[in-house]
Structures are given as structure tokens and as C-alpha cells.
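The values are calculated or read from the model by the stated rules, or taken from the named source; none is laboratory data. This one's a predicted model, so the numbers in the text were calculated from it and none came from an experiment. Methodologically, a virtual Cβ is constructed for each residue, glycine included, from the backbone with ideal geometry; neighbour enumeration extends over all protein chains shown. SASA here: full protein model, heavy atoms, side chains in, ligands and nucleic acids out. Shrake-Rupley method; radii C 1.70, N 1.55, O 1.52, S 1.80 Å.
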Amino acid sequence: MIVADNTNNDHINAPIVIIGGGAGGLELATKLGRYYKKRQQRVVLVDQNRTHIWKPLLHEVAAGALDSEIDGVDYLAIAHKNGFTFQLGTMIDLNRESKTVYLAPLIDDAQQLVLEKRELNYSKLIFALGSITNDFGTEGAAQNCIFLDSPKSAQNFHTLLLNEFLKLQDDTSKDTLEISIVGAGATGVELSAELYKTTELLKTYGYTHLHNNRLKVRIIESGPRLLPALPERIANSTQIELEKLGVEIILNTFVTKVEATGLYTKDGNFIKSNISVWAAGIKAPEFLQGLAGLETNKINQLIVNQDLITTLDDSIYAIGDCAHCIMPDGSKVPPRAQSAHQMASNVFTNIKSAEQGKELKPYLYVDYGSLVSLSTYSTIGSLMGNMTKGSMFIEGRLARIVYISLYRMHQMVIFGKAKTLLIMLVNKLNKRLRPNLKLH
Ligand SMILES: Cc1cc2nc3c(=O)[nH]c(=O)nc-3n(C[C@H](O)[C@H](O)[C@H](O)COP(=O)(O)OP(=O)(O)OC[C@H]3O[C@@H](n4cnc5c(N)ncnc54)[C@H](O)[C@@H]3O)c2cc1C
């Protein structure tokens, strides 16, 4: 076993360790790293990937609207700039008594061992490792569906999609490419619109036989409407827009089994499908269930109190999708990027407060609204907050600007204002210099 952080073996001077550099974890590592840069306290971020892609953009990676190789952020570079250390690895276990986390042996793509199992001591531990797709044990789903959980799975989907389009272009007698998306949440809805955009763009790159009517995207949802977590008005407008594009929306339909060629529904129907995507629910990673005796819920989330500290160990926090946090009104904080962002800020403030002997500030989730992006066709949503005095429905250009601003906020935390503006400029230039679609 290798001691990953070999500058320190005792947990008194051990670093603050953050597991997961996503929407919440990377923001927290950056803030803590900058704060502690000139102090004795070290901060270590662990992630299973070398680069960071903001998860709400994964459907764009899948459709090819975004190139993860260009837009991915190198953890090592961010760490170096902001005063924290990065460890590449996958956390697999925890010992709370010795305050040690364990990272799995690091194996490369050719199945060669790169690093043995490692251990890392911590003074404070923050879980920020997000969620994975929940297929609720549906027969054949894990084997035959794509889960948009990681940049790698999104890239795999993209390659599969390009191959299917290649077959369509080559064989004009083959009428349609059928794609089924299980789940009408934001992921399913946004992906379906992106797929029509991909088809449109590919036509301009020489796929002359490709027409939108040769693509059939179906969204299959067990509930009575699209976007169950969002206001009905957004769902209705979204449905109209998607149907205009050609998406078939099948509601009140429960998928019971998935095979390589399609899906079976509870009412006995078979829906033919060349590519099936499961986007119907989330759960925290399995290894969290009962990890080191910590309290977890049915979907493996760590139960935290109002200070985002786990109920049985006050040196361990959890933020983002892997945390189960109940607000004073009894509502549960939803698994969203804005929750992860707010939780990261709260834990940062509280770690500083604890150090200065000040009172901790309880976390209160503030819902600023929800937006759904239907590629370049439309953006629909609602804004909440003091300024809007309740919920305000928005769509079109304004909605698009607000939608993008959530990502800009994330970039600003990581890069600062000036560099974010530069990135925006480079993106604009790239739009002129590079293809509008990732073609490989
Ligand atoms: C396609 C899609 C679209 C979405 N759109 C929106 C949207 O429009 N608005 C919105 O608010 N939310 C959206 N969400 C939800 C949002 O992405 C999540 O709620 C948010 O990313 C959660 O942040 P997090 O920090 O908890 O986890 P993540 O951002 O998922 O980050 C978790 C990190 O932990 C790492 N990790 C996981 N396990 C381990 C391990 N064992 N060891 C080491 N590292 C590990 C991962 O590599 C990852 O980097 C969307 C999600 C998807 C999939």
C-alpha cells in the first residue's frame, strides 16, 4: 500500500481532503486552496478523472455540440494555480478511526497497474462525489442502455451515434435511426433536442442523405408529464417545442426490460430502438451505503445536518448529489448544480468559521429557478427569487443567457473573472475556426 500523501502521516497536520472534483467539489477545492495558500493547512482534491467537465454539459458532449478534449479542465493545472494538490484516483473505502481514505489501485486502459492501492490521511473530509444513474434494477438496462454519468460515457454515446449516422448515410434503404430515452427529466429532454441539432449539422458536413425525419427520438416516461420536478407550464411549453422537432413523447409508460434491439413496457409493448439511453433517476455511488458506519439513505446518499456535516462524524461533510439534506420546511435539497454550488460556498464559509471559533452558518437551499435548454432551438424556464417576487416564466434569448450564466458562475469560481472572459472570447473565436460539431 502506498501512502498517497507522504508528507504527512498523522491526522493532526493532515490535509483537508475533498473527494470528487465536480460542480461542488472543484469549487470548494479552489476556494479552500486559495484561502490556505499561505497558511500551514494543505488541501487535497481526489478525482477519478484527470480533467473536469461540468456535468450539466454532458448531453452536449454526447451529441457532439461540445468537445470534452477541448473544454475539459485539467485538475493538475487548476490545483497548481490555486494552492491545492490533486490526486488522481477512485476512493473505495474509509477508516474513520485512523481518519484514512483508501484509493483503488490505478489501472490504465491496457489493464496495466500504474499505482498500487493508496491511503490518504485527512483532518477534514468532504464527500463531493456526485451521483450515478439509477436504473432501479430494471432487467437488461445496465447491459443495453447508455448512462450519461461521466465524460467517458458521453463520449462513447457520441461515437456510437456517429457510427449509426454513417450506416444511415451509407444505406439509403434503411429508413430511420431510432433512439429511446427513458426518463423525461432535464437530461432526457435536453439530449433529445441536441440530437436533432446534430442531424441538422451533419447534413451540412456532407451527410446529404441525413434528414431529421430519418431520426426518431422517443422519450419514455412513467409519469403523466415531462419534467416532473419543474413547473407544469415549463413542461407544457417544452413538450410543444420537442414535438415540433419530431420527438415522440410516450407518457404513463413503465419500462420493464431492455434488450439490445429495444425496450419492453409494462403494458406488454415492445419499442424498437437502435440506441437506448437511461436517464430516469439518480443514486449516490454504491460503496457509500453504510460506509464506515456513516448514516445513508436508500439511494446511498450520506445523511447530513443543516451544517452539511454527516450525522455521526463531525469531521466529515457531504455536498452536492451525494448528500441527503433536509431543509427546515421538510423539503429535500434537489440534486442540481445550483445546490452543489451553494453547498460548496457554505462549507467553505463554515470551515473558516470553525477555524476562527465562530458560529457555523446553517445551509439554506435557495431555488433561483430552473431552465431547460433545447439546443439552439429554444430555452424555457422560470426564475425565482426576491427580484421576481415568486416564479417568473421566461423563454428565448433571455432564458438562454440565464441558462449559460449558471455555467459562467462555475467558471468564475474556478478561473476568476478575467480568465472566464478570455475563455468566452476563445469560445467565440472557436465558433468561427472550428466545426460546429465534434465530427470524431
Ligand atoms: C446531462 C445532465 C444535465 C444536467 N443539467 C442540469 C441543469 O441544467 N441544471 C442543474 O442544476 N443540474 C443539472 N444536472 C445535474 C447536475 O449536473 C448535478 O446535480 C451536479 O453536477 C452535482 O454536482 P456534484 O458536485 O455533487 O457532483 P458532480 O458534478 O457529478 O461531480 C462528482 C465528481 O466526483 C468524481 N467521483 C465520483 N466518484 C468518485 C470516487 N469514488 N473517487 C473519486 N472521484 C469520484 C467524479 O469523477 C466527478 O468529477 C444535470 C445532470 C446531467 C447528467
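Scanning the range 39-58 turns up no residue that is surrounded by 24 or more Cβ atoms within 10 Å (Cβ to Cβ), in a helix (DSSP H, G or I) and more than 9 Å from the ligand (Cβ to nearest atom). When Gly140, Gly188, Gly206, Gly183 are screened for being free of Cβ contacts under 8 Å to residues at least 24 places away in the same chain and either surrounded by fewer than 23 Cβ atoms within 10 Å (Cβ to Cβ) or within 24 Å of Phe270 (Cβ to Cβ) (or both), only Gly206 passes. Scanning the range 59-80 for residues that are away from the ligand (no atom under 15 Å from the Cβ) and open to solvent by less than 40 Å² (accessible area, probe 1.4 Å) gives a single hit, Asp67. In this structure, is Ala292 in contact with a Gly (Cβ under 9 Å, 6 or more places away or on another chain), touching a residue at least 24 places away in the same chain (Cβ under 8 Å) and small (Gly, Ala, Ser)? Taking the combined requirement at face value, the residue does not satisfy it.
All conditions but one from (1) open to solvent by 50 Å² or more (accessible area, probe 1.4 Å); (2) more than 22 Å from Ala235 (Cβ to Cβ); (3) among the hydrophobic types (A, V, I, L, M, F, W, C) apply to Ile316; the one that does not is (1). For the range 370-392, check the following and say yes or no: at least one residue is touching a strand residue (DSSP E or B) at 6+ places or on another chain (Cβ under 6 Å) and more than 15 Å from the ligand (Cβ to nearest atom). Looking for residues that are touching a strand residue (DSSP E or B) at 6+ places or on another chain (Cβ under 6 Å) and more than 15 Å from the ligand (Cβ to nearest atom), one finds at least one in the range 370-392, hence yes.
Scanning the range 261-284 for residues that are outside any strand (DSSP E or B), surrounded by fewer than 20 Cβ atoms within 10 Å (Cβ to Cβ) and not basic (Lys, Arg) yields Thr261, Asp267, Gly268, Asn269, Asn274, Gly281.
The numbered conditions (1) surrounded by fewer than 16 Cβ atoms within 10 Å (Cβ to Cβ); (2) in a helix (DSSP H, G or I) are all true for Pro435 except (2).
Within the range 61-104, the set of residues being in a helix (DSSP H, G or I) and over 17 Å from Val43 (Cβ atoms) comprises Val61, Ala62, Ala63, Ser68, Glu69, Ile70, Asp71.
Gly357 versus (1) among the small types (Gly, Ala, Ser); (2) under 24 Å from Met327 (Cβ atoms); (3) modelled with pLDDT of 90 or more: which is the lone unmet condition? Gly357 satisfies every listed condition except (2). Scanning the range 245-260 turns up one or more residues that are in contact with a helix residue (DSSP H, G or I) (Cβ under 9 Å, 6 or more places away or on another chain), at pLDDT below 95 and open to solvent by less than 40 Å² (accessible area, probe 1.4 Å).
Residue-wise test of (1) open to solvent by less than 70 Å² (accessible area, probe 1.4 Å); (2) modelled with pLDDT under 85.
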position	(1), (2)
Tyr365	yes, no
Tyr403	yes, no
Ala418	no, no
Leu421	no, no
Asn427	yes, no
Lys431	no, yes
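Out of all the residues in the range 161-171, which are surrounded by fewer than 18 Cβ atoms within 10 Å (Cβ to Cβ) and either within 16 Å of the ligand (Cβ to nearest atom) or charged (D, E, K, R) (or both)? Within the range 161-171, Glu164, Lys167, Asp170, Asp171 qualify.
Conditions (1) modelled with pLDDT under 90; (2) touching a helix residue (DSSP H, G or I) at 6+ places or on another chain (Cβ under 9 Å); (3) assigned by TED's automatic domain parsing to the domain that holds Ala23, marked per residue:
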site	(1), (2), (3)
Gln155	no, yes, no
Asn163	no, no, no
Ile179	no, yes, no
Gly185	no, no, no
Ala193	no, yes, no
Leu202	yes, yes, no
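Residue count for the range 105-135 under the criterion of being assigned to a strand (DSSP E or B), more than 12 Å from the ligand (Cβ to nearest atom) and open to solvent by 20 Å² or more (accessible area, probe 1.4 Å): the result is 6.
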